[in-house]
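What follows is a single structure, written as structure tokens, with notes after it.
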């Protein structure tokens, strides 16, 4: 075959291959399945609470049932100022707490914000079958008496008040704070550099003015012994008139009255006004060196240590001990109402810590007064004259 024939055959073969390729059905590689991105993962865990719920600092107003097996429940109704007033409410509660620890009782309290709360709080504890209801303060006398008369089988103890005649189901816990106040007044008169000491009360009620009576008479006795003329500002024990805040709550009032007394010349002040006195303490501390305060009800170097540097001493009434004793009487079955009187002799009243600046000679003079007062040789209560 010639070269032309070979070329023709080659061309025909190539054409056939092309036609075959063009006639084949078109095929497509399957598209890869679309992949959805994985669902977005939470990059942060659910927000967690960073702080625990606030814990209640005080028990709920509702009275709870005592623990199983408890047979004695002591229930305290406070006066205004609250359970943590660093004064009479808190000191009485210490007695309940001690009984809880040592005697295994159940103790509860309800706080009175105002006088209209007294009756409601007492009634709530009566309904709760408390074995002893302790009411704190002179101002609860009427509410306590009404409840006691209506519930003759219910035991009560009332701090800073006693009924005349006494009630069989109420133990009145009262204190001869004029005795310890006398010691504080003598001490204050011996420490003053200005020749004047001061005092004021929360309200003009006997449980307040008895402190002031003793304080004023103690200063007067110091004058008699030493031939001095120390003045007492804020209270006249003969006329029974003086300076009062009108409440037991306002520290601002305490600051104002304390400043007034210092401006009038007093360099030692005894506020008989519960938490109001803490405002006075702040003012005295700010006034600086040479000024002192006399605490009341409890040892203020313990209950208010932030003022320890200006606390000359404290007139203490051991409400904690008397409340504890009342609870013990209920446990023993000897509770019979009546009156308890705390005195220097039975250590129901006394002085707290005495400032380090007080000379040993003055302390010795004060200590020597105690047996004379107990024996009745020194008069500390002007209302008894």
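Looking at this structure, is residue 256 over 28 Å from residue 365 (Cβ atoms) and surrounded by 23 or more Cβ atoms within 10 Å (Cβ to Cβ)?
Values: over 28 Å from residue 365 (Cβ atoms): yes; surrounded by 23 or more Cβ atoms within 10 Å (Cβ to Cβ): no.
No.
Look through region 371-385, keep the residues that are over 31 Å from the mean Cα position of the chain (by Cα) and touching a residue at least 24 places away in the same chain (Cβ under 8 Å), and return whichever of them is nearest to residue 165 (Cα to Cα).
383
Considering only region 195-216, I want to know if a residue exists there that is over 28 Å from the mean Cα position of the chain (by Cα), in a loop (DSSP other than H, G, I, E, B) and surrounded by fewer than 20 Cβ atoms within 10 Å (Cβ to Cβ).
yes
I need a count of the residues in region 375-385 that are touching a helix residue (DSSP H, G or I) at 6+ places or on another chain (Cβ under 8 Å) and either part of a helix (DSSP H, G or I) or closer than 17 Å to residue 294 by Cβ (or both). Don't jump to the end; show me each part of the working.
Step one: of region 375-385, the residues touching a helix residue (DSSP H, G or I) at 6+ places or on another chain (Cβ under 8 Å) are 378-383.
Adding the requirement that they be either part of a helix (DSSP H, G or I) or closer than 17 Å to residue 294 by Cβ (or both) leaves 380, 382-383.
Result for region 375-385: 3.
Residues in region 284-295 that are surrounded by fewer than 24 Cβ atoms within 10 Å (Cβ to Cβ), part of a helix (DSSP H, G or I) and either at positive phi or in contact with a helix residue (DSSP H, G or I) (Cβ under 7 Å, 6 or more places away or on another chain) (or both): how many?
Result for region 284-295: 2.
What is the number of the single condition among (1) part of a loop (DSSP other than H, G, I, E, B); (2) surrounded by fewer than 24 Cβ atoms within 10 Å (Cβ to Cβ); (3) in contact (Cβ under 8 Å) with a residue 60 or more places away in the chain; (4) touching a strand residue (DSSP E or B) at 6+ places or on another chain (Cβ under 9 Å) that residue 274 does not meet?
Result: residue 274 fails condition (2) only.
Free of Cβ contacts under 8 Å to residues at least 24 places away in the same chain, under 22 Å from residue 319 (Cα atoms), touching a strand residue (DSSP E or B) at 6+ places or on another chain (Cβ under 8 Å) and surrounded by fewer than 24 Cβ atoms within 10 Å (Cβ to Cβ): is that true of residue 148 in this structure? Spell out how you get there, then give the answer.
On the way: free of Cβ contacts under 8 Å to residues at least 24 places away in the same chain: yes; under 22 Å from residue 319 (Cα atoms): yes; touching a strand residue (DSSP E or B) at 6+ places or on another chain (Cβ under 8 Å): yes; surrounded by fewer than 24 Cβ atoms within 10 Å (Cβ to Cβ): yes.
Yes: the conditions hold for residue 148.
Go through region 329-349 and count every residue that is surrounded by fewer than 16 Cβ atoms within 10 Å (Cβ to Cβ), in a helix (DSSP H, G or I) and touching a residue at least 40 places away in the same chain (Cβ under 8 Å).
Matching residues across region 329-349 total 0.
Limited to region 218-246, what total is found for residues that are within 19 Å of residue 297 (Cα to Cα) and either modelled with pLDDT under 95 or outside any loop (DSSP other than H, G, I, E, B) (or both)?
Residues flagged as within 19 Å of residue 297 (Cα to Cα) and either modelled with pLDDT under 95 or outside any loop (DSSP other than H, G, I, E, B) (or both) within region 218-246 amount to 3.
Regarding residue 362, is this residue over 21 Å from residue 174 (Cβ atoms), in a strand (DSSP E or B), touching a helix residue (DSSP H, G or I) at 6+ places or on another chain (Cβ under 9 Å) and touching a residue at least 60 places away in the same chain (Cβ under 8 Å)? Walk me through it before giving the result.
Working: over 21 Å from residue 174 (Cβ atoms): yes; in a strand (DSSP E or B): no; touching a helix residue (DSSP H, G or I) at 6+ places or on another chain (Cβ under 9 Å): yes; touching a residue at least 60 places away in the same chain (Cβ under 8 Å): yes.
No, not satisfied.
Could you check residue 238 against (1) touching a helix residue (DSSP H, G or I) at 6+ places or on another chain (Cβ under 6 Å); (2) touching a residue at least 40 places away in the same chain (Cβ under 8 Å) and say which number it fails?
Just one mismatch for residue 238, condition (1).
Scan (1) surrounded by 19 or more Cβ atoms within 10 Å (Cβ to Cβ); (2) part of a loop (DSSP other than H, G, I, E, B) for the single condition residue 141 breaks and write down its number.
Condition (2) is where residue 141 drops out.
Does residue 313 fit the bill of being surrounded by 19 or more Cβ atoms within 10 Å (Cβ to Cβ) and assigned by TED's automatic domain parsing to the domain that holds residue 282? Walk me through it before giving the result.
Working: surrounded by 19 or more Cβ atoms within 10 Å (Cβ to Cβ): yes; assigned by TED's automatic domain parsing to the domain that holds residue 282: yes.
It is true that residue 313 is surrounded by 19 or more Cβ atoms within 10 Å (Cβ to Cβ) and assigned by TED's automatic domain parsing to the domain that holds residue 282.
The values are calculated or read from the model by the stated rules, or taken from the named source; none is laboratory data. Remember, predicted model here, so these are calculated numbers, not experimental data. Cβ coordinates were reconstructed from backbone atoms using ideal geometry, including for glycine residues, and neighbour counts include every protein chain displayed.
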